[in-house]
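Written out below as structure tokens is the structure these notes cover.
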Amino acid sequence: MITPRFDELIHAPTRLSLVAFLAATTWADFAVLRDSVGLSDSALSKQLTTLADAGYVEIRKAFVGKRPRTSARLTAGGRTAFDRHVLALQEIVAGAGGSVLPPAGHPTSRSTS
Amino acid sequence: MNDRIEPADAARALSEIGRRREQVIRRAVRAAFPGWYWWTTAVLMIALTASVESRRGVVLGIGITLFVAGELITSVPVSRAARAAPLRRDLDSQRRETLVGLATFMLVLVGVLLATALSLKAARVPYPATIGVTVTAVMFAAGGQTLMRYLTAILVRRSGRQP
């Protein structure tokens with residue numbers, strides 16, 4: 001059974017978006033991640049490296065013909081940490097009586113951390 | 001409970017997680033069945049039928065070559081885009097419904113095609129198969145995209161129930 005655990009590393013806005021995106025995929029290409037989350041190449045590299053250093057993300061580099069292709073996926077540990085973080089968030093919201101739903105279309109901060 | 005963040009912040013984070021999940025689902029379906037793919041296939045179907053109905057060997061050869069080459073060429077970017085960020089299997093829970101939906105859709109199209117082409121042939125209208133396929137191809141392209149939008153909406157709705 002997964003127990004809730006708030007994860008500071010995942011909760012940073014940019015990494016939360018990245019991890020949430022990766023959590024819904026098996027693998028994701030670097031270009032897809034960059035365009036979907038709206039980051040520059042260097043910002044995405046930095047965030048992926050941070051997540052990889054924590055053991056949350058696996059980065060795969062391959063060549064398709066002569067073109068390099070970088071992909072990333074959540075590791076089992078990263079998926080567990082994400083699931084626990086989601087549970088912790090749900091617990092916090094539930095603790096507030098479910099009266100803190102964000103307004104529709106609320107812009108989540110896009111600043112890198 | 002974590003006392004370092006406000007409940008409103010937690011709710012915003014959950015909302016962002018749901019938004020990203022929906023983004024992945026919509027992207028995966030769009031990558032597998034892009035709008036242009038339906039119309040390209042429709043045009044290739046019409047061209048192939050017209051070449052068959054011309055009853056001229058050279059035109060038939062060109063039509064078959066065009067159809068096969070067109071399908072192969074268009075499938076490359078589609079499969080590449082679909083592989084770029086495939087949906088996690090447990091989110092793709094309606095694979096069976098998608099296949100059943102597509103099979104039903106194809107059966108309806110074949111029915112429309114046969115009814116149209118045979119009626120036109122009985123009325124001695126020239127090129128009945130080409131006209132029938134043109135009608136069916138337009139239905140295929142327009143209806144296919146509608147079907148995909150419907151299936152995407154179901155996938156998004158079901159994914160929202162997952163933790």
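The values are calculated or read from the model by the stated rules, or taken from the named source; none is laboratory data. Source: prediction; values computed, not measured. Heads up, the Cβs are rebuilt from the backbone with ideal geometry, glycines too, and the neighbour counts pull from every protein chain shown. Surface areas here come from the heavy atoms of the whole protein model, side chains and all, with no ligands, DNA or RNA. Shrake-Rupley method; radii C 1.70, N 1.55, O 1.52, S 1.80 Å.
Observations on the structure shown:
- Part-to-part distance (alpha-carbon centres) for segment B:59-132 and segment A:30-79, which is given in Å: 35
- Exposure rank, largest accessible area first [B:Glu97, A:Glu8; 1.4 Å]: A:Glu8, B:Glu97
- Electrostatic dipole magnitude of chain B [Cβ: Lys, Arg +1; Asp, Glu -1; Cα centre; debye, to 20]: 100
- Gyration tensor (alpha-carbon) shape descriptor, segment B:54-140, a/c threshold 1.5: oblate
- Cα-derived Rg to Rh of the protein assembly as shown, Kirkwood definition: 1.11
- Quotient of C-alpha Rg and 2.2 N^0.38 Å, computed over segment A:1-103: 1.18
- At least 27 Å along the helix axis (C-alpha) and Kyte average at least -0.5, DSSP helices within chain A: A:76-95
- Per-residue ³J(HN,Hα) for segment B:66-79, Karplus 6.51 cos²θ - 1.76 cosθ + 1.60, θ = phi - 60°, Hz, x for Gly and Pro: 4, 5, 5, 4, x, 5, 5, 5, 6, 6, 5, x, 5, 5
- Degrees between helix B:95-122 axis and first principal axis of chain B (Cα, 0 to 90, nearest 10): 20
- Ellipsoid equivalent to chain B - semi-axes via the Cα gyration tensor, in Å: 44, 17, 10
- Remark: segment B:26-39, residue by residue, has Karplus-estimated 3J(HN,Hα) of 4, 5, 4, 5, 5, 5, 6, 9, x, x, 5, 5, 5, 5 Hz, where x stands for each Gly or Pro and the curve is 6.51 cos²θ - 1.76 cosθ + 1.60 at θ = phi - 60°.
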